[in-house]
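The structure appears right after this line, and notes come after that.
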Amino acid sequence: MPKMKKRDLAILKDFTILYLEDNENLLKHTQEILGDFFKKVCGVKSSKEAWKVLEKEKVDVIISDILLKDENGIDFLNALKSQNIDKPIILTTAHTDTKYFLDAIKLKVENYIVKPINIQELLDTLHDIVLPITQQKEIEKNSFVIKTISAISDSKQVEVIKYIISNLDKNNHLVASYSDIMNEISISKPTLIKLFKELLEKHILIKIAHKTYLFNTEAL
């Protein structure tokens, strides 16, 4: 059986987690571990504290225990839905009562993790939740680049921008010569050189070696 591709947990660093758990030791332990991967982990022991966090923070994912002291995590999640707060949710519990699974299905939670929590399973689940969000941000960013340049360029130049974006490696590097691009796109060399000059002047492209450019997303 082929090995599953290891997840790139580095993408978690741009996200904020709300973690609701009434066991103080477990809350502290798990929060410390997640803190190494996420931008921020807001740990709380009650739904009252959770609501305060949601009022102040831009939370991306919610992790909640089901059985809390004097309350029920399912009720908290139902309250979220009633307030039209639509966040990806992971439920944790030490119990395996079928009713909880049915409630979780109704709430359309992303996953249901039985305690003791397997940290790797939790991290993998969180990765799979935020990956589509990250990909959508990349699509929107690329679309923004295309729309921006199309407003000041002709259609052939927009084709070149699309070529650049689709040929970036994982480090946002483009390795291509003018001839490589002209073999793919019917565009004159002077027009192509002019476009690259504009991108270099705006620091959208940074030349780092012969035929090698860095696509600088911070310049967007």
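Against the criterion of being touching a residue at least 12 places away in the same chain (Cβ under 8 Å), hydrophobic (A, V, I, L, M, F, W, C) and not in a helix (DSSP H, G or I), ILE187 qualifies. Of note, LYS52 satisfies the criterion of being out of contact with any helix residue (DSSP H, G or I) (no Cβ under 8 Å at 6 or more places or on another chain) and at negative phi. The listed residues are THR148, THR134, THR125, and the only one of them that is at pLDDT 75 or above, under 30 Å from LEU205 (Cβ atoms) and either part of a helix (DSSP H, G or I) or outside the structural domain of LYS58 (by TED's automatic domain parsing) (or both) turns out to be THR134.
Residues that are acidic (Asp, Glu) and surrounded by 16 or more Cβ atoms within 10 Å (Cβ to Cβ) were ranked within segment 99-141; the one that is farthest from the chain's Cα centre (by Cα) is ASP103.
Scan LYS48, LYS28 and give me the residue that is within 24 Å of LEU107 (Cβ to Cβ), assigned by TED's automatic domain parsing to the domain that holds ALA104 and free of Cβ contacts under 8 Å to residues at least 24 places away in the same chain. From the options LYS48, LYS28, the qualifying one is LYS48.
Look at segment 126-149: where a residue is under 23 Å from LYS108 (Cα atoms) and a partner is assigned to a helix (DSSP H, G or I) and at pLDDT 80 or above, sitting 6+ places away or on another chain with Cβ atoms under 7 Å, you get LEU126/LEU12; HIS127/LEU9; HIS127/ILE11; HIS127/LEU12; VAL130/ILE11; VAL130/LEU12; LEU131/ILE11; THR134/ILE11. Can you name the strands (runs of 3 or more DSSP E) wholly within segment 1-115 that have at least 2 residues being under 17 Å from ILE133 (Cα atoms)? Answer list for segment 1-115: 16-20, 61-65, 89-93.
The values are calculated or read from the model by the stated rules, or taken from the named source; none is laboratory data. Please read these numbers as outputs of a predicted model, since none were measured by experiment. Because the Cβ atoms are built from the backbone with ideal geometry, glycine has one as well, and the counts that use them run over all protein chains shown.
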